[in-house]
1. Quickly run through segment 17-35 and pick out the residues that are outside any helix (DSSP H, G or I) and touching a helix residue (DSSP H, G or I) at 6+ places or on another chain (Cβ under 6 Å).
2. Could you tell me whether Val55 is at pLDDT 90 or above and touching a Leu at 6+ places or on another chain (Cβ under 6 Å)?
3. Within segment 107-122, can you find the residues that are of a type in the set (D, E, K, R) and either open to solvent by 80 Å² or more (accessible area, probe 1.4 Å) or more than 20 Å from Cys179 (Cα to Cα) (or both)?
4. Counting only residues that are farther than 23 Å from Ala172 by Cα, among the acidic types (Asp, Glu) and out of contact with any Asp or Glu (no Cβ under 9 Å at 6 or more places or on another chain), which one in segment 100-157 is modelled with the lowest pLDDT?
5. Which one of these is at pLDDT below 95, more than 14 Å from the chain's Cα centre (by Cα), part of a loop (DSSP other than H, G, I, E, B) and at negative phi: Gln160, Gln196?
6. Show the residue pairs meeting these rules: Cβ distance below 7 Å; 6+ apart or different chains; first residue within segment 21-47 and open to solvent by less than 60 Å² (accessible area, probe 1.4 Å); second residue of a type in the set (Phe, Trp, Tyr).
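The values are calculated or read from the model by the stated rules, or taken from the named source; none is laboratory data. As the structure is a computational prediction, the values presented were derived from the model and not from experiment. Every residue, glycine among them, receives a Cβ derived from its backbone with ideal geometry; neighbour counts consider all protein chains shown. What goes into the accessible areas is simple: the full protein's heavy atoms, side chains included, and nothing from ligands, DNA or RNA. Shrake-Rupley method; radii C 1.70, N 1.55, O 1.52, S 1.80 Å.
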Amino acid sequence: MDAPTNGYRYDAFISYRHVEPDRKMAKWLHSVLETYRVPTKLVREKSLPRRLNRVFRDEEELAASSDLSREIDEALTQSRYLIVVCSPSTPASEWVNAEVVRFRQLNRDNRIIALLVEGEPRDSFPRSLCEIRRAVVDSSGITTEAINEIEPLAADIRPQPTESRGHVFRMAQLRILACLLGCRFDELRRREQERQTRRLMAVGGFL
């Protein structure tokens, strides 16, 4: 059973700047999201899909086109979630900032996830990721812009002194998957650990 799309073509749109390490991390994320199989117990207990549907990454999906901006807009419109790969180079990208703004215009503010790959959040999150801007008309008819600061949902794959690189990446992957699947992170992590334990026991039985 595939994930229910509720009318969306993509479960997620990955927004990133086409420089390293952002590009490499976007490719990694695209691969692990589309190939991940949800633990069977969660599928049965929570009626979750066995796997996600498609995840949009522009270099993977777009063919040669004379109107990439139109195709990007269509992909954003057809995506349930927006995942923004963030590093200190990200705030300089007009494309990434515009994609976040456009996704907010679709009234999907609560479906934006940041993946922090380098740097501190204050230096790596684009402005549109931390601010919601709204036009406000006062009683005299004058329009002004109201700015509300927010803290976006985030997964973190920066190196940690007490954790292995593999563990950090797995936890970030599961945090994002939990959002996309609509389950709790601790549930998904526990079931994933149980699955890994069963696999190790099965392998041990043949040794």
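1. Restricting attention to segment 17-35, the residues satisfying the condition of being outside any helix (DSSP H, G or I) are 17-21.
Result: Arg17, single match.
2. Yes.
3. Glu118, Glu120, Arg122, listed by residue number.
4. Here the residue is Glu145.
5. Numbers: Gln196 fails: part of a loop (DSSP other than H, G, I, E, B).
Every option except Gln160 fails the conditions.
6. Asp22/Tyr16; Ala26/Tyr16
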